[in-house]
Amino acid sequence: MDKRKGFIPSEIKISNAASKGFLTGFTLVELLVVIAIIAILMAILMPALNRVKEQGKRVVCLNNLRQLMLAWSVYADENDDKLVRGDTGEYDSIHADEIPWVLKDYRTNDMDKKRNAILDGALFPFCNNIELYKCPTGYPGELRTYSIVDAMNCAALPDCGPGVVMIKKRMKITYPASRIVFIDDGGAGDVHMGSWTNYTDQPRWLDPPPVRHGEGTNVSYADGRSEYWKWKDPRTIKWGLKMKVGRKEEEAYQPGNEDIRMAQKGAWGPKAGNWQ
């Protein structure tokens, strides 16, 4: 006797619905709507995520500058208050007895030379972690992104302007809370020069304003702290972001730019930047 079970009509309907369950998924239109919503959310969230990422790099950079400032101060403590030589390059008659804080490391792609420029510098015994010499935003192939401003025992260009005072002793630094020492240099693919230079008496950039962090850069002060400088004048940012080959010197002249005044006073002291 055949005992196979028979199905009543209601069971057949349920069975058919179950067997066709895969047909109840998203339609093409619904999938496109979901993808569009995800794309909109990503467009909203990505700038915020990028800002968070940049802020994290900025904090690391500020810490690097604090470590370099500590080494800079210890060097002065152990050398009768004398400042480490602030520019880089070869020995010369002006600084015949001084080793620069880092040796010449620009205009070369030789990574060993770049590394040895830091290792053989006068500051490395006091700050012997090579990672601290570079901002996290640095370009591939860079080992150093920081520079010392001209006033701190460098060899300034003769045309920087009146009031150029080269400080060689820490005790000679007036208003240390407002005088910068290190700056996170570079930005738009520039090589690093010996020191960061600017004028004292005119609203004009000499070295370009660094724009590494958003629309600003990080600096450290002679009192040991580090701080983020946000540029306020759009001309500063435009000039700083231009590649070197695309710059026009007349664009460096920016009357009324308070960023220039702030940078000049920070580098040279309160007597600088008093142009109208």
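Taken about its Cα centre, the stretch 134-268 carries a charge dipole of roughly 320 debye when the Cβ of each Lys and Arg holds +1 and the Cβ of each Asp and Glu holds -1. Report note on the peptides 260-267, 230-237, 137-144: ranked by the mean count of other C-beta atoms within 10 Å, highest first, their order is 260-267, 230-237, 137-144.
Between Val165 and Tyr253, residue separation times 0.36 nm minus the direct Cα-Cα distance comes to 29.4 nm.
Placing R0 at 30 angstrom, the Cβ-Cβ distance between Leu28 and Val59 gives a FRET efficiency of 0.05 after rounding to 0.05. With a simple spin-label model that places each label point 7 Å from the Cα along the Cα-to-Cβ direction, the separation between Glu131 and Gln276 comes to 5.3 nm. Pairwise Cα distances in the stretch 134-268 exceed 22 Å for 33 percent of all pairs. Judged by the mean number of other Cβ atoms found within 10 Å, the most tightly packed of the peptides 219-228, 175-184, 194-203 leads the ranking 194-203, 175-184, 219-228. Put simply, the amide H of Arg204, placed in the peptide plane, has neighbours under 5 Å in Gln254, leaving out anything fewer than 5 places away on its chain.
Throughout, read-outs are computed from the coordinates displayed, never taken from laboratory work. All figures in this text were calculated on a predicted structure; none of them were measured in a lab. Glycine also receives a Cβ, built like all others from the backbone with ideal geometry; neighbour counts cover every protein chain displayed.
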